[in-house]
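Take a look at the structure set out below.
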Amino acid sequence: MGELAASRVVILDFGSQYTQVIARRVRECQVLSQILRFDASAEEIAALRPSGIILSGGPASVYGKGAPQPDTEIFKLGVPVLGVCYGMQLMAHHLGGKVEHSERREYGSSLLRVNSNCELFHNLPEVLDIWNSHADKLTKIPRGFRAIATTENSPFAAIEHPKHRFYGLQFHPEVVHTPRGKDILANFVYRICGCKMDWTMGSFIDQACAEVQQQVGTDHVILGLSGGVDSSVAAALLHKAIGDQLTCVFVNNGLLRSNEAETVQRVFGDNFHVKLKYVDASARFLSSLRGITDPERKRKVIGRDFVRVFEEAVVQLTRAKGGRSKGSAKSPDSRPTFRFLAQGTLYPDVIESVAIDGNPAAMIKSHHNVGGLPKRMKLKLVEPLRQLFKDEVREVGAQLGLPKEIVQRQPFPGPGLAVRILGEITRERLRILRDADAIVVGEMKASDWYYRVWQSFAVLLPVRSVGVMGDERTYENTIALRIVESQDGMTADWVRLPYDLLARISTRIINEVKGVNRVCYDISSKPPATIEWE
Ligand code: XMP
């Protein structure tokens, strides 16, 4: 196991949606960050020997009933503290300042004027773009503090207690709308806390493995492997941590792209020697989907079948009660009992599924993460990627030796090609879409555009149109191309792909895919359209 980092910043989470972003910014400084609950005791924090503490923002008001409060002993640990937004208000409130409710909520961009020489703004210009999101504001700073920056609305936009090395920022340095925020946090981490750059993704892997080993002990873990980035990286990580205590189940639902099942079996079964149960349930899914055209019903049927197939697979893999296998009264059953279900949940999944009510993302994730399974099967969850963002997960995957075709893979929906075939799903229509999609992916990869876009795929429409091929009239299917750029899938725009690449894709599909005589390019953004067509 590699060296664990010596510098560490503890982040107390007061419920901000940006807490994980702060943690990420600290990781970007190559410093270990650890998020703890807001009420972690000063003793517990001191035991971690942090170089600094960051108090996150949060939606509460310091005076509010039930407002999350820290253990105030943390201010006596002799460790630098940075309070962000609510975190700053808390610090001021507990150290003798005054926080008041303001009628005018300050939200959005504004200009910060730095008016003193201070370590936090070292090497930064005097005027900075910043991003605010607060209602309460500081009206009196505690003794020993001084204001180091102001905004039009606030004389105390940033404060400092130089002796104790306590700092407060009324705005959010962690968000991208504060463009130099990273430098402010870097100044805190390096100049004020004295951290060294001694943390890498390699140390993340070591740390995560140690945590999984501790959580799981000698028990067995089951993981639903989809071949997507998240579950693949989770599988590789767990395999490194607990080897054969991990079993992966890969369900072929018959709705996969071409070669997908083969790739997963090759990479995980042959290369990584992961215990992999491959279940070909395509006939079952296709039979359940027969005659169904409504998008929501398709999703429901697929979700339901998936849970059943997965459960059946786990039952088959599990030791019979009493520890003896059927038909063999003498030999003990070597099959394990699974106590844990591993999932490749990422940080954005956590926010999307809790924060955005009514957004399909919530539903997406519950299916994607085999929602309901842990409860039904009485399994405990293992989620080693929970604190990471997608690009960090890709880096972890690459470091674990996963090939680029998996690590850099575009997102693919759980219900697979079913939501890209409008109308009924049949074997023939799946064949058409799969062949067309393979051409899209192949041409995008060959021109290197595949890795520059969020998603690029084909959709089969329930529309036939007249064409002419040779001397003959044709009456065939239509393929739509959906190629979008996006940061997170929540909003998206269509990619202005070069015409010659579009022409090549179109010509190849029409020439090579039997049953298609027309290709269209989808030029809708999200919103109002969605990325998938169903
Ligand atoms: P939409 O179509 O809602 O998609 O704009 C946003 C992103 O989510 C993916 N997606 C899904 N992922 N299960 C998933 O795991 C699903 O049911 C699902 N539906 C959409 C989609 O590919 C895009 O990246």
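Using only C-alpha positions, report the orientation-averaged shadow area of the convex hull of the stretch 222-312, nm², one decimal. Each step should come with its number before you reach the end.
Values: hull surface 24.1 nm².
Spelled out: convex hull of the Cα atoms, projected over all directions, averaged, 6.0 nm².
Quick one: pull the percentage of alpha-carbon pairs in the chain with a separation above 40 Å. All intermediate terms of the calculation are to be shown ahead of the outcome.
Details: 51717 of 142311 pairs.
Result: 36 percent of Cα pairs exceed 40 Å.
Could you pull out every residue, at least 5 positions away or on a different chain, whose amide H is within less than 5 Å of the one on residue 52? Hs are placed 1.01 Å off N in the peptide plane, and Pro or chain starts have none.
Residues meeting the criterion, in which the H sits 1.01 Å from N, are 8, 10.
List every residue whose amide H lies under 5 Å from the amide H of residue 385, counting only residues 5 or more places away in sequence or on a different chain, with H placed 1.01 Å from N in the peptide plane.
When sequence neighbours closer than 5 places are left aside, the close amide H contacts are 345.
Are there trypsin sites (Lys or Arg not before Pro) in the stretch 62-104 that DSSP puts in a loop and that have at most 10 other Cβ atoms within 10 Å, and which ones? Show your work: numbers first, answer last.
Details: sites: 65, 76, 98, 104; in loops: 65, 104.
Within the stretch 62-104, the qualifying trypsin sites (Lys or Arg not before Pro) (loop, at most 10 other Cβ atoms within 10 Å) are 65, 104.
Provide the net charge surrounding residue 115, with neighbours chosen by a C-beta distance below 11 Å and charges set as Lys +1, Arg +1, Asp -1, Glu -1. If you can, show how the numbers build up before the last one.
Numbers: positive: 113, 146; negative: 126.
Within the 11 Å Cβ shell, the charges total +1.
Sticking to Cα atoms, compute the Rg of the stretch 16-67 to one decimal and its Dmax as the biggest Cα-Cα distance, whole number, in Å.
That works out to 12.5, 38 Å for Rg and Dmax.
What FRET efficiency, computed as 1/(1 + (r/R0)^6) with R0 = 56 Å and r the Cβ-Cβ distance, is obtained for residue 287 and residue 499, rounded to the nearest 0.05? Can you show the working numbers first?
On the way: r = 43 Å, r/R0 = 0.76.
After rounding to 0.05, the efficiency reads 0.85.
Based on the Cβ-Cβ distance of residue 521 and residue 315, what FRET efficiency does E = 1/(1 + (r/R0)^6) give at R0 = 60 Å, to the nearest 0.05?
Numbers: r = 46 Å, r/R0 = 0.77.
Between residue 521 and residue 315 the formula returns 0.80.
Rg and Dmax in Å for the stretch 26-173, alpha carbons only: what are they?
Both quantities, over Cα of the stretch 26-173: 14.8, 41 Å.
Taking the convex hull of the Cα atoms, report for the stretch 138-276 its projected area averaged over all directions, in nm².
Values: hull surface 55.9 nm².
One quarter of the hull surface, i.e. the mean projection, equals 14.0 nm².
All other residues with a Cβ under 13 Å from the Cβ of residue 142 taken together, and with Lys, Arg as +1 and Asp, Glu as -1, what is their net charge?
Numbers: positive: 98, 140, 143, 146, 163; negative: 160.
Net charge in that neighbourhood comes out at +4.
Compute log10 of I(q)/I(0) for the stretch 369-510 with the Debye formula, placing one identical point scatterer on every Cα and leaving out solvent, at q = 0.12, 0.13, 0.19 Å⁻¹, to two decimals.
Reported log10 I(q)/I(0), two decimals: -0.66, -0.75, -1.26.
If a/c stays under 1.5 just call it rounded; otherwise compare a/b with b/c (prolate if a/b is bigger, oblate if not). Do that for the stretch 72-146, with a ≥ b ≥ c from the square roots of the Cα gyration tensor eigenvalues. Mind showing how you got there, number by number?
Numbers: a/c = 1.98, a/b = 1.13, b/c = 1.75.
Cα axes put the stretch 72-146 in the oblate bin.
Take every DSSP beta bridge whose two residues both sit in the chain, then give the antiparallel share in percent to the nearest 5.
Numbers: 36 of 76 bridges.
Once the DSSP bridges in the chain are tallied, antiparallel ones form about 45 percent.
For the pair residue 296 and residue 262, what calculated FRET efficiency results from E = 1/(1 + (r/R0)^6), where r is the Cβ-Cβ distance and R0 = 30 Å, to the nearest 0.05?
Numbers: r = 31 Å, r/R0 = 1.03.
About 0.45, to the nearest 0.05.
Out of all DSSP beta bridges in the stretch 416-521, what portion is antiparallel? Express it as a percent rounded to 5.
Numbers: 14 of 20 bridges.
Expressed as a percentage, antiparallel bridges in the stretch 416-521 total about 70.
With runs of 4+ DSSP H residues as the only contributors, calculate the mean residue ellipticity of the chain at 222 nm using -39,500 (n - 2.57) per run, divided by the residue total and rounded to the nearest 500. Numbers along the way, then the final one.
Values: 16 runs with 167 residues, N = 534.
Calculated at 222 nm, the ellipticity per residue is -9500 deg cm²/dmol.
Please go through the stretch 59-90 and write out the chymotrypsin sites (Phe, Trp or Tyr not before Pro) that DSSP classes as loop and that have at most 16 other C-beta atoms within 10 Å.
63
Using modelled amide H (1.01 Å from N, peptide plane; none on Pro or chain starts), what sits under 5 Å from the amide H of residue 275, excluding residues fewer than 5 places away?
248
Under the Karplus relation 6.51 cos²θ - 1.76 cosθ + 1.60, θ = phi - 60°, what is the ordered set of whole-Hz ³J(HN,Hα) values for the stretch 395-401, x standing for Gly and Pro?
Residue by residue, the stretch 395-401 yields 5, 4, x, 5, 5, 7, x Hz.
Of all DSSP beta bridges in the stretch 8-192, what percent run antiparallel (nearest 5)? All intermediate terms of the calculation are to be shown ahead of the outcome.
Working: 20 of 37 bridges.
Antiparallel: roughly 55 percent of the beta bridges in the stretch 8-192.
Suppose each label sits 7 Å from its Cα in the direction of the beta carbon; what would the residue 270-residue 512 distance come out to in nanometres?
For the pair residue 270/residue 512, the computed spacing is 2.2 nm.
Taking 0.36 nm per residue of separation and subtracting the Cα-Cα distance, what length does fully extending residue 34 through residue 140 add? Numbers along the way, then the final one.
Numbers: separation 106, 0.36 × 106 = 38.16 nm, distance 3.10 nm.
Contour length minus the Cα-Cα distance gives 35.1 nm.
Along the stretch 284-295, what does the Karplus equation 6.51 cos²θ - 1.76 cosθ + 1.60 (θ = phi - 60°) give for ³J(HN,Hα), rounded to whole Hz, x for Gly and Pro?
Residue by residue, the stretch 284-295 yields 5, 5, 5, 5, 5, 8, 4, x, 8, 10, 6, x Hz.
Return the distance in nm (one decimal) between the two label points of a simple spin-label model at residue 177 and residue 378, each offset 7 Å from Cα along Cα→Cβ.
4.8
My understanding is that a pair violates if its Cα-Cα distance is over 19 Å; which of 275/445; 275/404; 240/275; 65/98; 65/137 do that in this structure?
Numbers: 275/445 31 Å; 275/404 22 Å; 240/275 12 Å; 65/98 17 Å; 65/137 17 Å.
Going by Cα-Cα distance, 275/445; 275/404 fall outside the 19 Å limit.
So which trypsin sites (Lys or Arg not before Pro) in the stretch 134-230 are both in a DSSP loop and have at most 15 other Cβ atoms within 10 Å of their Cβ?
On the way: sites: 137, 140, 143, 146, 163, 165, 180, 182, 191, 196; in loops: 143, 163, 165, 180, 196.
The qualifying sites are 143, 163, 196.
Count the net charge of all other residues whose Cβ sits under 13 Å from the Cβ of residue 180, scoring Lys and Arg as +1 and Asp and Glu as -1. Show your work: numbers first, answer last.
Numbers: positive: 25, 182; negative: 126, 129, 174, 183.
Cβ neighbours under 13 Å give a net charge of -2.
Please report, as a whole percent, how much of the solvent-accessible surface of the chain comes from carbon and sulfur atoms (probe radius 1.4 Å).
Working: 12280 of 24700 Å².
Whole-percent figure for carbon plus sulfur exposure: 50.
What's the center-to-center distance, using Cα atoms, between the stretch 1-75 and the stretch 157-193 in Å?
14
Using each residue's phi in the stretch 111-122, evaluate 6.51 cos²θ - 1.76 cosθ + 1.60 at θ = phi - 60° and report the 3J(HN,Hα) Karplus result to the nearest Hz, with x for Gly and Pro.
Each residue's phi maps through the Karplus curve to give 9, 9, 10, 8, 10, 7, 7, 8, 4, 5, 10, 3 Hz.
Residue 463 versus residue 94, label points 7 Å from Cα toward the beta carbon: distance in nm?
Computed distance between label sites residue 463 and residue 94 equals 6.1 nm.
The values are calculated or read from the model by the stated rules, or taken from the named source; none is laboratory data. In this text the structure is predicted, and so the values were computed from the model without any measurement. When we count neighbours, we look across all protein chains shown, and the Cβ atoms used for this are built from the backbone with ideal geometry, even at glycine. Accessible surface is based on the protein model in full, side chains and every heavy atom, while ligands, DNA and RNA are left aside. Shrake-Rupley method; radii C 1.70, N 1.55, O 1.52, S 1.80 Å.
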